[in-house]
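Novice: Here's a structure for you.
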Amino acid sequence: MGNMRLGSLVGKILGKREEKSTYSPECSSKHSAPPKEIYIKAWILKSLEELDSIKDEVLSGSIVILRLGKLAERNIEDVKKAVNELCDFTQQIDGDIAQLGEERIIITPSFVKIWKGKAST
């Protein structure tokens, strides 16, 4: 699968999720203070079984940069499931998620927000 196709798929999923977001503060977990140390962790997603570990990392205060290319090589439907599940998760914890390039996404805990504006040229 070409990177361009994966990039547009992830962009469509994340774009639709932002448009129809039903987030309400009542259903989110309480904001907690950031941990003493915050890590940025790179992760290559190879199977859906890894999603719980990724969620645990975010809940512990880490920022996760997730590469989806390996999973897309095996099964594009699993990529859709993973991105949708991670979108639901970030809404539940009042975290944030965004696309980085063609095959990566970033997932942040509630105390880190992602600027999604367009860069000026």
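The values are calculated or read from the model by the stated rules, or taken from the named source; none is laboratory data. Since this is a predicted model, take the numbers as computed values, not measurements. Heads up, the Cβs are rebuilt from the backbone with ideal geometry, glycines too, and the neighbour counts pull from every protein chain shown.
Novice: Would you check if Ile107 is in contact with a Gly (Cβ under 8 Å, 6 or more places away or on another chain) and of a type in the set (A, V, I, L, M, F, W, C)?
Specialist: Numbers: in contact with a Gly (Cβ under 8 Å, 6 or more places away or on another chain): yes; of a type in the set (A, V, I, L, M, F, W, C): yes.
Yes: the conditions hold for Ile107.
Novice: If you don't mind, another one. Kindly evaluate Gly69 against the criterion of being surrounded by fewer than 14 Cβ atoms within 10 Å (Cβ to Cβ), of a type outside the set (Ser, Thr, Tyr) and either within 19 Å of Gly11 (Cβ to Cβ) or over 13 Å from the mean Cα position of the chain (by Cα) (or both). Write out each step before concluding.
Specialist: Working: surrounded by fewer than 14 Cβ atoms within 10 Å (Cβ to Cβ): no; of a type outside the set (Ser, Thr, Tyr): yes; either within 19 Å of Gly11 (Cβ to Cβ) or over 13 Å from the mean Cα position of the chain (by Cα) (or both): yes.
Judged against the criteria, Gly69 is not a match.
Novice: Please go through the range 95-110 and give me each residue that is over 12 Å from the mean Cα position of the chain (by Cα) and surrounded by 15 or more Cβ atoms within 10 Å (Cβ to Cβ), ordered by number. Let's see the steps before the verdict.
Specialist: Residues of the range 95-110 over 12 Å from the mean Cα position of the chain (by Cα): 101-102, 110.
Selection gives Glu102, Ser110.
Novice: The conditions are (1) modelled with pLDDT under 95; (2) more than 15 Å from Lys12 (Cα to Cα), and Ile76 fails exactly one of them. Which is it?
Specialist: Condition (2) is where Ile76 drops out.
Novice: Take the residues in the range 6-51 that are surrounded by 12 or more Cβ atoms within 10 Å (Cβ to Cβ) and basic (Lys, Arg), then tell me which one is modelled with the lowest pLDDT.
Specialist: The extreme case among them is Arg17.
Novice: Enumerate the strands (runs of 3 or more DSSP E) found wholly within the range 35-110, keeping only those where 2 or more residues are of a type in the set (Gly, Ala, Ser). Working first, answer last.
Specialist: Working: elements: 40-44, 63-67, 96-100, 104-108.
No strands (runs of 3 or more DSSP E) qualify here.
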